[in-house]
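Here's the structure we're looking at; comments come further down.
The values are calculated or read from the model by the stated rules, or taken from the named source; none is laboratory data. Just so we're clear, the structure is a prediction, and the values are computed from it rather than from any experiment. Cβ placement follows ideal geometry from the backbone for every residue including glycine, while neighbour counts extend to all protein chains displayed. SASA here: full protein model, heavy atoms, side chains in, ligands and nucleic acids out. Shrake-Rupley method; radii C 1.70, N 1.55, O 1.52, S 1.80 Å.
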Amino acid sequence: MILATNFQLNGKPATFDGDPETPLLWVLRDHLGLTGTKYGCGVAQCGACTVHLEGKNRRSCVTPVGTIAGKSVTTIEGASGKVAEAVKAAWVQIDVPQCGFCQSGQVMSAIGLLTAKPKPSDSDIDNAMAGNICRCATYVRIRQAIKDAAGVKGVRA
């Protein structure tokens, strides 16, 4: 039996009328047309599919949509507020992306980090971002962008 899954998506009501075991990532991309969240590995190891669920980082590729009923999901398209704007501005200022594929997941993880820890150390950043893989190896620029968004002085690469 298939029941509708109702949840909040980027601050607005959303419904999915399909199998509740469908990964959230496919609901976002294929059913709701939000393609900013990327498919990377499909096993929660690369972070390309990172969204916020109730304000916390969540890998959407392994999150059955049925588990988010009544909860709030934020994607890269809906990321807003002071922290999100600071992260996005730092990303642009430093020109972080190369190919850009992983960047929505990187940005969502960075927002999650700075929301929880507004002045992170290098170790905090490394730990928080360890689950986000960048095939272009832009890690130095990612770290600098996070520091800039946090207003923390750092050495630019």
Check: Tell me, which helices (runs of 4 or more DSSP H) wholly within the stretch 55-157 include 1 or more residues that are closer than 25 Å to L32 by Cβ and open to solvent by 80 Å² or more (accessible area, probe 1.4 Å)?
Finding: 82-94, 103-116
Next item on the list: For the stretch 59-75, state whether one or more residues are at pLDDT 95 or above and within 14 Å of A145 (Cβ to Cβ).
Entry: no
Item checked: Check on K38, in a helix (DSSP H, G or I), charged (D, E, K, R), under 20 Å from I133 (Cα atoms) and under 16 Å from the mean Cα position of the chain (by Cα) -> no
Next item on the list: Can you tell me which residue among A149, A116, A89, A130 is touching a Leu at 6+ places or on another chain (Cβ under 9 Å), over 24 Å from K12 (Cβ atoms) and of a type in the set (A, V, I, L, M, F, W, C)?
Entry: A149
Check: Could we say that T37 is crowded, with 17+ Cβ neighbours inside 10 Å and in contact (Cβ under 8 Å) with a residue 60 or more places away in the chain here?
Finding: yes
Check: For the stretch 105-128, how many residues meet the condition of being more than 10 Å from the chain's Cα centre (by Cα), within 20 Å of E85 (Cβ to Cβ) and free of Cβ contacts under 8 Å to residues at least 60 places away in the same chain?
Finding: 9
Next item on the list: Any residue in the stretch 50-74 that's under 14 Å from R29 (Cβ atoms): show its pairings with residues that are open to solvent by 70 Å² or more (accessible area, probe 1.4 Å) and among the basic types (K, R) at Cβ separation under 6 Å, as long as the two are six or more apart or on different chains.
Entry: V51/R58
